[in-house]
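Step one of this worksheet: look at the structure below.
The values are calculated or read from the model by the stated rules, or taken from the named source; none is laboratory data. Owing to the predicted nature of the structure, the values given are computational and were not obtained by experimental measurement. Here the Cβ is made from the backbone with ideal geometry for all residues, glycine too, and neighbour counts use every protein chain on show.
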C-alpha cells in the first residue's frame with residue numbers, strides 16, 4: 001500500500017448552522033485509518049457542493065456532530081484498498097461516489113477533505129469518457145433524479161413536466177427522461193432557458209413570467225395533459241391544481257419538500273399520498289421519497305454519462321481553502337451547473 005500522510009487538509013464543523021457560521025478550515029485534520037475489509041481509501045480530487053450537504057449541515061442537531069466534515073459527492077483515485085475490496089477498485093483507479101447520509105450524520109464523514117474512507121458499494125469506477133470534475137457531480141443528486149424516473153415508471157412517449165429544470169436534480173431528470181424517449185417541458189428562470197433547451201427540453205416556461213404557474217399550465221396544457229410531473233422545487237400549489245394538467249392516471253413525483261417546517265411537510269406528504277376520498281386528497285398519484293444511493297443505480301448513471309445521455313455542467317471551481325466562496329456562489333441562485341471544490345491535482 002502507498003504511504004498516506006497522518007494528517008490532511010479538511011473543512012470541519014461541530015454544530016448546526018450555515019457554512020459561513022460553522023465551518024472551520026483545519027490544515028492538519030487526522031487522515032482516515034488504512035482501510036480494511038471491503039473498504040477503500042480515496043484521495044479526493046474534486047468535491048461537488050450540494051443543497052443536500054448544506055441542509056445536513058444546517059438542520060442536524062449539534063448533539064450528533066463530532067468534528068464532522070461536510071458534503072457528500074466526490075471524484076478521485078483509490079489510494080488504498082482493503083483486503084476484500086473488489087479487484088476493479090485497486091489503487092490508482094479513477095472513481096466517483098457519494099457518502100451515505102447516515103455516515104455523514106453519525107460518523108461525520110464528508111468530502112471537503114483530501115482523503116475519505118468508504119465501503120466499496122459507495123464507490124463507482126469513473127467512465128473514461130467523463131472527466132474528474134464532471135464525475136464529482138454524478139452521484140447523490142443524480143441518484144435522486146434517476147429514482148424519480150424509476151418511481152414514475154417512465155416510458156417512451158410520455159409527456160413530462162420538470163418543475164425546476166435548471167436545478168441540479170432537474171437537469172439530470174430532464175436529460176434522463178429524454179434518453180428514454182419522453183417529451184419534456186421544463187420550468188426555469190429566463191437566464192437558464194437556453195441551457196435547459198440545450199439539455200433536451202422541447203419547451204421551457206419562465207416561471208417568474210408565468211405566474212400563477214398553475215393557471216399558465218391550465219391555459220397551455222389543459223388539453224395536452226402530462227403523464228408525469230417531476231417537482232424538484234416542492235410546490236404544494238402545483239400539486240393541488242394538477243388534475244387540470246396531469247392525466248387521471250398520471251404521476252406527481254416531488255423531491256423538493258412540501259412545506260416550510262418538518263411537521264407541515266409530513267402532514268402534507270400524508271395528505272397528498274392519501275386516497276383521494278380521504279382528508280380532501282387530490283385525485284392524482286403523489287410520490288415522495290428519501291433517496292438511498294445504490295451501487296446498481298450509480299453504475300447506471302455512469303453508463304448514461306459515458307454515452308453522453310447525461311452531461312454534468314460545471315458552473316465554477318474553487319480551491320479547497322476557498323470553499324466558503326464556493327458556497328456563496330452555490331447559494332446565490334445564479335449558477336448554471338455544479339459548484340466544485342478542487343482538492344488535489
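Here are the numbers:
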read-out	value
Among residues of region 104-145, those that are surrounded by fewer than 20 Cβ atoms within 10 Å (Cβ to Cβ), in contact with a helix residue (DSSP H, G or I) (Cβ under 8 Å, 6 or more places away or on another chain) and in a helix (DSSP H, G or I), counted	3
Test set (1) modelled with pLDDT of 95 or more; (2) on the phi > 0 side of the Ramachandran plot - residue 280 fails condition number	(1)
Verdict on residue 90 being buried (at least 24 other Cβ atoms within 10 Å of the Cβ), modelled with pLDDT of 95 or more and farther than 30 Å from residue 228 by Cβ	no
Failed item in (1) surrounded by fewer than 17 Cβ atoms within 10 Å (Cβ to Cβ); (2) in contact (Cβ under 8 Å) with a residue 24 or more places away in the chain; (3) within 27 Å of the chain's Cα centre (by Cα); (4) not in a helix (DSSP H, G or I), with residue 84 passing the rest	(3)
Single match in 341, 287, 310 (criterion: in contact with a helix residue (DSSP H, G or I) (Cβ under 8 Å, 6 or more places away or on another chain) and closer than 17 Å to residue 72 by Cβ)	341
Within region 148-174, tally of residues that are out of contact with any strand residue (DSSP E or B) (no Cβ under 9 Å at 6 or more places or on another chain), farther than 19 Å from residue 49 by Cα and in a helix (DSSP H, G or I)	1
Top-ranked residue in region 289-319 [being surrounded by fewer than 22 Cβ atoms within 10 Å (Cβ to Cβ) and closer than 26 Å to residue 10 by Cα; ranked as nearest to the chain's Cα centre (by Cα)]	292
Hey, residue 71 in the same structural domain as residue 328 (by TED's automatic domain parsing) and at positive phi or not	yes
